[in-house]
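Structure, as structure tokens:
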């Protein structure tokens, strides 16, 4: 009987030892697991005394894609695309001052112009020690990105253009035409009214949903996030200031076109055809100066990535791999 009890006791000790060994092994495996670059990190970096929020994913040793967002969004607009590109590329997407999670100093403390923000983005890239990169630009990202490229032509390896305009032909969209007419007649009240409407929930939803066959497939978090950021104290004044500076880009068009014609940077254009700001003529115009531009007209809105991030990811991956 004693032998039986002793045998059972030894078996129990053996089982406990095996269990403990398994737990230690599992713990060690967890502790020493390899960090995944595919998951998106949400970070903040102090640049010129401003906290710049940015999303980052992918292996930094791979080709870098700098994603510059548009109005009235933030790096949030790239959230799905970042995940789909992170396996093959290093992706960095900052929020400009006054947008998203970045600092939003008052207009008396920061000069909200496209020129000044482009300089801040130069400093941001430099602080991250990124020596070369592709620029993906949407809307506001165009004027900011092209300024960066003209100053640093050797750093920019190519462009991914998503409804970012650099030609007068592209200003034939419905909203651009209406806005231009108000400016030409000096209707300040009308200009302010349409600016504020663009920042209303109704206006933001129109940017996301115009031309979309099934609006239910667009996640409401997209336009509700933009609207929530815009409702913060002081942001309206910042955005109005930025909108009023948009005209400074028109005088730069010739310079950017000259840059494109001279350097012939590899470029892919992915354009939502239902954009009320920039018409498809803006997409087609790049072929005037670029010999080998790749143009894709997508049945999407100003923010086409909400429904077409899969297609965009495949096009971008193929585009960069063949360079």
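Derivation of every value follows stated rules applied to the coordinates shown; laboratory data play no part. Computed from a prediction, not measured in an experiment: that's the story for all the values here. Backbone-built Cβ (ideal geometry, glycine too); neighbour counts: all protein chains shown.
Please specify each residue of segment 169-183 satisfying the condition of being farther than 16 Å from residue 250 by Cα and surrounded by 14 or more Cβ atoms within 10 Å (Cβ to Cβ). Explain how you work it out, then say what you get.
Kept after step one, since they are farther than 16 Å from residue 250 by Cα, are these residues of segment 169-183: 174-175, 178, 182.
Within segment 169-183, 175, 182 meet the criteria.
For segment 267-292, what are the residues that are closer than 30 Å to residue 222 by Cα and assigned to a loop (DSSP other than H, G, I, E, B)? Let's see the steps before the verdict.
Narrowing segment 267-292 to residues closer than 30 Å to residue 222 by Cα: 267-286.
Within segment 267-292, 273, 274, 275, 276, 277, 278, 279 qualify.
Within segment 231-244, can one find any residue that is within 20 Å of the chain's Cα centre (by Cα), farther than 19 Å from residue 180 by Cα and surrounded by 18 or more Cβ atoms within 10 Å (Cβ to Cβ)? Give the derivation first.
The initial filter retains those residues of segment 231-244 that are within 20 Å of the chain's Cα centre (by Cα), namely 235, 238-239, 242-243.
Narrowing further to those that are farther than 19 Å from residue 180 by Cα: 235, 238.
Within this subset, residues satisfying the condition of being surrounded by 18 or more Cβ atoms within 10 Å (Cβ to Cβ) are 238.
Checking segment 231-244: at least one residue is within 20 Å of the chain's Cα centre (by Cα), farther than 19 Å from residue 180 by Cα and surrounded by 18 or more Cβ atoms within 10 Å (Cβ to Cβ).
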Original post:
Just checking, how many residues over segment 197-210 are surrounded by 14 or more Cβ atoms within 10 Å (Cβ to Cβ) and either under 17 Å from residue 246 (Cβ atoms) or touching a helix residue (DSSP H, G or I) at 6+ places or on another chain (Cβ under 7 Å) (or both)?
Top reply: 9
**OP:** Find the strands (runs of 3 or more DSSP E) located wholly in segment 33-77 whose residues include 2 or more that are touching a residue at least 40 places away in the same chain (Cβ under 8 Å) and surrounded by fewer than 13 Cβ atoms within 10 Å (Cβ to Cβ), and list them.
**Re:** none
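Kindly provide the set of residues from segment 293-307 that are part of a loop (DSSP other than H, G, I, E, B) and under 22 Å from residue 155 (Cα atoms), ordered by number. Show your work before the answer.
Residues of segment 293-307 that are part of a loop (DSSP other than H, G, I, E, B), as a first pass: 293, 299-304.
Correct list: 293 only.
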Original post:
Which residue, of 221, 161, is under 24 Å from residue 94 (Cα atoms), surrounded by 14 or more Cβ atoms within 10 Å (Cβ to Cβ) and under 24 Å from the mean Cα position of the chain (by Cα)?
Top reply: 161
Original post:
Within segment 187-201, restricting attention to residues that are without any contact (Cβ under 8 Å) to a residue 12 or more places away in the chain and assigned to a helix (DSSP H, G or I), which residue is nearest to the chain's Cα centre (by Cα)?
Top reply: 197
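Is it fair to say residue 320 is touching a strand residue (DSSP E or B) at 6+ places or on another chain (Cβ under 6 Å) and either in contact (Cβ under 8 Å) with a residue 60 or more places away in the chain or outside any strand (DSSP E or B) (or both)? If you could, list the steps in order and put the result at the bottom.
Values: touching a strand residue (DSSP E or B) at 6+ places or on another chain (Cβ under 6 Å): no; either in contact (Cβ under 8 Å) with a residue 60 or more places away in the chain or outside any strand (DSSP E or B) (or both): yes.
Considered against the rule, which asks whether it is touching a strand residue (DSSP E or B) at 6+ places or on another chain (Cβ under 6 Å) and either in contact (Cβ under 8 Å) with a residue 60 or more places away in the chain or outside any strand (DSSP E or B) (or both), residue 320 comes out as no.
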